[in-house]
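The values are calculated or read from the model by the stated rules, or taken from the named source; none is laboratory data. Fair warning: this is a prediction, and the values are worked out from it, not measured in the lab. Glycine gets a Cβ as well: all are built from the backbone with ideal geometry, and neighbour counts include every protein chain shown. The accessibility values were calculated without ligands, DNA or RNA, using every heavy atom of the protein model including side chains. Shrake-Rupley method; radii C 1.70, N 1.55, O 1.52, S 1.80 Å.
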Amino acid sequence: KLAMEFPSEDIFLMTASPVIKAVTNFKQVSKTLEEFDVEEQPSSLLEKRYPNIKVIHSGVKQLKSDEHKIFTEDGKEYMYEKLCLCAGAKPKLIFEGNPYVLGIRDTDSAQAFQKKLAQAERIVVVGNGGIALELVYEIQGCEVIWAIKDRAIGNTFFDAGAAEFLIPKLTAEKQETPIECKRTKYTTEGSEEKERPTAASDKLGSALGPDWHEGLHLKGTKEFSHKVHIEILCEVKKIHLQQEFIQLQRTSLTFPKDEKNVEPDEVLWPVYVELTNGKIYGCDFIVSATGVVPNVEPFLDGNNFAVGEDGGLKVDKHMHTSLPDIYAAGDICTAAWEPSPVWHQMRLWTQARQMGWYAAKCMAADTLGESIDLDFSFELFAHVTKFFNYKVVVLGKYNAQGLGLDHELMLRCTKGQEYVKVVMQNGRMMGAVLIGETDLEETFENLILNQMDLSAYGEDLLNPDIDIEDYFD
């Protein structure tokens with residue numbers, strides 16, 4: 001975007017990785033919903049397309065904001081007129097530095113995971129966001145103990161009702177051919193394997209898009225398809241290596257039969273997980289899928305950035321940080337403006353793309369001394385993804401975020417087919433969760449955006465015999 005706005009200016013893109021992420025097959029599904037694939041491409045492609053872009057393959061060592069200078073790991077320094085920090089976030093590991101704990105956030109860690117899974121008989125998955133959900137669904141032939149701190153699965157994306165709707169999919173034998181899904185495809189080309197240094201766990205990869213497990217062969221050593229046991233309302237208290245566990249002289253549990261887990265385990269495992277509910281399970285390794293923390297480390301030293309409660313660099317509604325000429329976008333930043341009543345920040349690919357695009361517009365407007373309005377994409381939170389092979393659309397305050405007790409829910413559910421939930425406040429639609437092929441996303445998007453009073457429709461709003469689109473198109 002910047003390269004197009006300023007064809008005669010030099011634009012430096014600093015990246016520690018030899019490939020860059022490019023958005024392809026972009027499709028505007030509705031006013032606010034968009035689908036796209038994310039591909040890794042060699043940076044030379046970008047330089048060919050925009051001659052004024054120069055890609056610098058090096059991590060950033062230090063930022064001296066008062067001097068408008070950046071120092072890179074390879075010992076060079078660069079002056080900037082305007083700077084945008086888009087360094088993303090890194091996985092929040094439950095325990096740092098433990099060889100049996102794998103964090104999954106990017107393509108490199110997903111590949112490491114695949115290699116380990118081939119030899120695994122049982123793993124413990126910790127976390128309850130999108131990656132944990134996808135992972136547990138995709139793993140076959142390996143026992144999975146899934147520890148979640150909430151009462152129901154998928155808490156970041158939906159509620160207990162939606163979780164109940166999805167749970168049967170976890171136990172069903174999977175179809176051999178997954179339904180074709182066109183979304184963020186994630187590839188790391190095999191041809192580049194040799195040249196590419198493998199990312200150590202503390203190195204930053206790029207975030208996974210929603211299709212990261214496509215093309216990864218996620219199968220353990222056992223012959224059965226799905227074996228998942230969920231431990232709710234608990235977290236990991238301690239991790240014991242085999243020797244420590246033997247010295248503890250405590251009992252670990254077998255994989256529960258018929259949901260009763262009272263049997264002591266005779267097998268010796270490489271590592272043991274003690275949960276806060278007192279249960280101990282042995283496993284081959286632990287997957288930490290517990291979210292991310294903004295990657296602000298290299299930039300804070302010596303710079304007086306305003307930082308949000310979630311650790312991100314605070315940005316105003318022009319994506320400006322608290323320091324002159326420095327902007328931030330994507331997972332590294334924290335939106336510190338007064339948001340629209342039906343938008344909130346979530347560290348997702350869709351928002352990162354929108355913020356990056358908008359930050360470039362703001363940098364251009366500032367340079368040219370023009371004013372600019374907040375981008376329309378921040379009017380309504382909207383995200384489309386796929387879980388358990390169902391299309392999932394979440395809109396607005398889909399989990400009644402920040403609405404307190406002053407709201408009501410309306411539901412419509414057809415087992416194995418669709419789940420529709422709307423969040424209403426004072427007769428107005430504030431949010432929705434749509435699972436399955438509901439075809440309601442555009443109608444609901446309009447109803448949330450125009451805040452029309454729907455009290456008159458009452459329960460009929462979700463009546464499947466009434467074609468709601470006809471009313472509101």
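Within the stretch 44-99, the set of residues being in a loop (DSSP other than H, G, I, E, B), of a type in the set (Ser, Thr, Tyr) and closer than 19 Å to Leu313 by Cβ comprises Tyr80 only.
Restricting the stretch 98-112 to residues that are open to solvent by less than 40 Å² (accessible area, probe 1.4 Å) and hydrophobic (A, V, I, L, M, F, W, C), the residue that is modelled with the lowest pLDDT is Ala110. Does the stretch 444-462 contain any residue that is in contact (Cβ under 8 Å) with a residue 12 or more places away in the chain, within 26 Å of the chain's Cα centre (by Cα) and part of a strand (DSSP E or B)? Scanning the stretch 444-462 turns up no residue that is in contact (Cβ under 8 Å) with a residue 12 or more places away in the chain, within 26 Å of the chain's Cα centre (by Cα) and part of a strand (DSSP E or B).
Selection of the stretch 365-380 for residues being touching a residue at least 24 places away in the same chain (Cβ under 8 Å), in contact with a helix residue (DSSP H, G or I) (Cβ under 7 Å, 6 or more places away or on another chain) and open to solvent by 10 Å² or more (accessible area, probe 1.4 Å) yields Ile372, Ser377, Glu379. Here Gly431 clears all of (1) in contact with a Lys or Arg (Cβ under 7 Å, 6 or more places away or on another chain); (2) not in a strand (DSSP E or B) except the condition numbered (2).
If you go through the stretch 427-460 and keep only what is hydrophobic (A, V, I, L, M, F, W, C), surrounded by fewer than 20 Cβ atoms within 10 Å (Cβ to Cβ) and closer than 17 Å to Val393 by Cβ, you end up with just Leu449.
A search for C-beta distances below 6 Å between a residue of the stretch 299-316 that is outside the structural domain of Met346 (by the TED database) and any residue that is at pLDDT below 95 and surrounded by 17 or more Cβ atoms within 10 Å (Cβ to Cβ), counting only pairs 6+ apart in sequence or on different chains, returns nothing. Glu266: modelled with pLDDT of 90 or more and either open to solvent by less than 30 Å² (accessible area, probe 1.4 Å) or more than 32 Å from the chain's Cα centre (by Cα) (or both), yes or no? For Glu266, the condition - modelled with pLDDT of 90 or more and either open to solvent by less than 30 Å² (accessible area, probe 1.4 Å) or more than 32 Å from the chain's Cα centre (by Cα) (or both) - is not met.
Condition check ((1) at pLDDT below 80; (2) touching a Phe, Trp or Tyr at 6+ places or on another chain (Cβ under 7 Å)) across all residues:
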| residue | (1), (2) |
| --- | --- |
| Gly130 | no, yes |
| Cys142 | no, no |
| Asp150 | no, no |
| Glu164 | no, no |
| Glu173 | yes, no |
| Pro178 | yes, no |
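Every test in (1) touching a residue at least 12 places away in the same chain (Cβ under 8 Å); (2) closer than 26 Å to Ala352 by Cβ; (3) open to solvent by 50 Å² or more (accessible area, probe 1.4 Å) is passed by His383 save one, and that test is (3). Listed by position, the strands (runs of 3 or more DSSP E) contained in the stretch 283-322 that have at least 2 residues being open to solvent by 10 Å² or more (accessible area, probe 1.4 Å) are 292-294. Screening Asp37 with (1) surrounded by fewer than 17 Cβ atoms within 10 Å (Cβ to Cβ); (2) over 25 Å from Pro298 (Cβ atoms); (3) at pLDDT below 85; (4) not hydrophobic (A, V, I, L, M, F, W, C) gives one miss only, at (1).
Taking the criterion of being modelled with pLDDT of 85 or more and open to solvent by 10 Å² or more (accessible area, probe 1.4 Å), the residues of the stretch 387-401 that qualify are Tyr390, Lys391, Lys397, Asn399, Ala400, Gln401. Within the stretch 143-165, being part of a loop (DSSP other than H, G, I, E, B) and in contact with a strand residue (DSSP E or B) (Cβ under 8 Å, 6 or more places away or on another chain) holds for Ile148, Ile153, Gly154, Phe157, Phe158, Asp159. Checking Leu368, Leu411 one by one, the residue that is assigned by the TED database to the domain that holds Asp460 and at negative phi is Leu411 and no other.
Just a yes or no: is a residue in the stretch 381-391 over 22 Å from Val136 (Cβ atoms), in contact with an Asp or Glu (Cβ under 9 Å, 6 or more places away or on another chain) and small (Gly, Ala, Ser)?
Yes - at least one qualifying residue is present in the stretch 381-391.
From the list Lys90, Lys48, Lys27, Lys115, the one residue that fits, being open to solvent by 60 Å² or more (accessible area, probe 1.4 Å), out of contact with any strand residue (DSSP E or B) (no Cβ under 8 Å at 6 or more places or on another chain), more than 29 Å from Thr367 (Cα to Cα) and not hydroxyl-bearing (Ser, Thr, Tyr), is Lys115. Comparison of Phe71, Phe95 shows that the only residue that is over 13 Å from Asn295 (Cβ atoms), crowded, with 16+ Cβ neighbours inside 10 Å, at pLDDT below 95 and aromatic (Phe, Trp, Tyr) is Phe71. Are any residues in the stretch 226-252 more than 16 Å from Gly127 (Cβ to Cβ), part of a strand (DSSP E or B) and at pLDDT 90 or above, and if so, which ones? Hits for the stretch 226-252 are Lys238, His240, Leu241.
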